[in-house]
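Following: one structure in structure tokens, then a few remarks.
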Amino acid sequence: FATYSPRTYTYYSETMKALLTGHPSLQRNFDKSSWAEMTFNMGPQTVCFPHLDSGNLPWGWCAVTALGQFDPDCGGHLVLWNLGLVIGFPPGATILIQSAVMRHSNTLIGDGEKRYSLTQYSAGTLFCWVENGL
């Protein structure tokens with residue numbers, strides 16, 4: 001994230017720092033994470049239909065990690081509808097996307113396979129709240 005979008009990463013990191021300073025009882029999900037929130041999708045065959053994450057910053061990023069035991073050559077692909085791309089997304093891989101403006105979904109996996117996901121993001125309203133004095 002810091003490599004591909006340094007100014008956005010800095011904005012996320014500074015927002016997290018202000019949030020944690022203003023509310024010391026809060027903790028990061030991971031030690032150096034700049035995202036405030038995360039969601040585990042526990043499947044056992046996690047699939048999402050084409051959607052936008054309209055609550056996120058329009059120019060912000062989220063990280064999606066594929067987990068489970070499935071054949072990534074046969075299913076579980078990430079579909080980026082705006083770009084007309086279907087991307088192989090094997091277990092253990094993480095992809096950064098601008099999920100508020102990039103319509104996305106993923107493809108089905110095979111019978112008996114398992115697919116989960118972990119998504120890290122920060123809601124757009126969190127930035128507004130911090131910028132307006134917590």
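Remarks
- Residue within the range 27-42 that is within 22 Å of residue 129 (Cα to Cα), over 17 Å from the mean Cα position of the chain (by Cα) and not β-branched (Val, Ile, Thr) present: yes
- Residue 133 being at pLDDT below 95 and not basic (Lys, Arg): yes
- Of 50, 6, all but one fail to be touching a Ser or Thr at 6+ places or on another chain (Cβ under 7 Å) and loosely packed, with under 14 Cβ neighbours inside 10 Å; the exception is 50.
- Qualifying position, being among the β-branched types (Val, Ile, Thr), within 30 Å of residue 130 (Cα to Cα) and within 18 Å of the chain's Cα centre (by Cα), among 21, 10, 46: 10
- Within the range 26-134, strands (runs of 3 or more DSSP E) holding 1 or more residues that are free of Cβ contacts under 8 Å to residues at least 24 places away in the same chain: 85-87
The values are calculated or read from the model by the stated rules, or taken from the named source; none is laboratory data. Quick caveat, the model's predicted, so the values are computed rather than measured. Ideal geometry is used to build each Cβ from the backbone, glycine not excepted, and the neighbour counts take in all protein chains shown.
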